[in-house]
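Here the structure comes first, spelled out in structure tokens, and everything after it is commentary.
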Amino acid sequence: MTATKNKSNEINIIRVYDASVKMVWDAWTDSKQAAHWWGPRGFTITTHSQDTRTGGHWHYTMHGPDGIDYVNKTKYLEVETYSKMVYDHGGNDEQKPMFRVTVLFKDLKGKTQMDMTMALPTPEAAEDTRKFIKKAGGNSTWDRLAEYLEEGTSKKDIFVINRTFDTPLATMFEVWTDPKQLSQWVPPTGFTMKYIRADIREGGSSFYSMTDGQHGEMYGRAEYLKIEKPHRIVYLQQFCDKEEKVTGHPMAPHWPKTMRTTVLLSEEGPDQTRVSLTWEIEGAASPEEKETFNKAKPGMAQGWGGSFDKLEAYL
């Protein structure tokens, strides 16, 4: 999520999804599909009516994890099927809209670029909204959309999280591949990490320990499948004992034994890098493991979000 170069009162979000424009468009405009991904993690929605045409409305209630309901009446100002929609967001019968949204959908040879701009009344309002979205986890909406689309195309359960950092691409690649730097920020909040062995290269592996200072040490290992400097890192991750024997999660017996992590780094400006991380189960998984994985997505967002907060501070 970045401010546009020319208008300081706007917030711009660009994502590329591995799905056709029709699939992405339908996910936006079919209320049954939108119910699977619309809103931050932990939120659900109830649609009362939806008319996705110019002049139409989408009337829905968003239910927060704290039990608070948020009534929304989106008004569509422009709708061009598979191409563009413009709407006012955050309003209802009792309050005016918070901002105007323009979403452009572009076909990229089978993939889809979603280019969304939120226009606020003032630069100050844009900055306040940017902070509010970050605090509320609003960016996870677009991660949930990626997960929903992936499930529809490949039938795989995945977890996705994105974050843009104000740092050059070369620096970002370095902090993901230098064990001394990686150990400073990648552990969840409250944990420290120590590498027992680290060979972070394609075909290499690492072995490490983590602790929160209260419950003893946990051990893990990673096997690096692909490292394509400076854009792509793929590795498998497992929990182990201190002899590096794979044991499974020490506090979650049905957690999948092997996870695949894919990290994509892309330049969004001379000194700005987007990190797109995908987590998925590697190999066959039992129904209990799949259920555990899917139910844990809010916790994954909190865990990786904490790590990304530490990375921001480290950078």
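Among the trypsin sites (Lys or Arg not before Pro) in the stretch 1-110, those placed in a DSSP loop whose Cβ has at most 14 other Cβ atoms within 10 Å are Lys5, Lys7, Arg53, Lys109.
One Cα centroid belongs to the stretch 110-127, the other to the stretch 207-238; the line between them spans 35 Å.
At an R0 of 22 angstrom, the distance between the Cβ atoms of Asp115 and Asp30 translates into a FRET efficiency of 0.60. Structural descriptor for the chain: relative contact order 14 percent, calculated from alpha carbon pairs under 8 angstrom and at least 6 residues apart.
Computed over protein heavy atoms with a 1.4 Å probe, the accessible surface of the stretch 1-146 works out to 53 Å² per residue.
Charge tally for Met116 (other residues, Cβ to Cβ under 13 Å; Lys, Arg +1; Asp, Glu -1): +2. When the Gaussian network model of the chain links Cα atoms closer than 10 Å, the mean-square fluctuations of Ser154, Ser183, Ser20 top out at Ser154. The trypsin sites (Lys or Arg not before Pro) of the stretch 153-225 meeting both criteria, a DSSP state outside H, G, I, E and B (loop) and at most 14 other C-beta atoms within 10 angstrom of the site's C-beta, are Lys155, Lys156, Arg201. Relative to one another, the C-alpha centroids of the stretch 4-64 and the stretch 89-104 are positioned 12 Å apart. Of the GluC sites (Glu not before Pro) found in the stretch 221-315, those in coil by DSSP whose Cβ has at most 13 other Cβ atoms within 10 Å are Glu243.
Per-residue ellipticity at 222 nm, computed for the chain from helices alone with -39500 (n - 2.57) per DSSP H run of at least four residues, works out to -8000 deg cm²/dmol.
Each label point was placed 7 Å from the Cα along the Cα-to-Cβ direction; for Lys96 and Asp69 their separation is 2.6 nm. Maximal additional length on extending the Arg197-Thr61 stretch stands at 43.9 nm, based on 0.36 nm per residue less the C-alpha distance. Reducing the stretch 294-315 and the stretch 251-266 to their Cα centroids gives an inter-centroid distance of 13 Å.
Each residue, Glu151 and Leu264, gets one label point 7 Å from its Cα in the Cβ direction; the gap between the two is 2.0 nm. Legend: calculated FRET efficiency, Gln237 to Ala136, from the Cβ-Cβ distance at R0 = 30 Å, rounded to 0.05, equals 0.55.
The values are calculated or read from the model by the stated rules, or taken from the named source; none is laboratory data. Here the structure is a predicted model, which means the values were calculated and not measured. Backbone-built Cβ (ideal geometry, glycine too); neighbour counts: all protein chains shown. Calculation scope for accessible area: heavy atoms of the full protein, side chains included, ligands and nucleic acids excluded. Shrake-Rupley method; radii C 1.70, N 1.55, O 1.52, S 1.80 Å.
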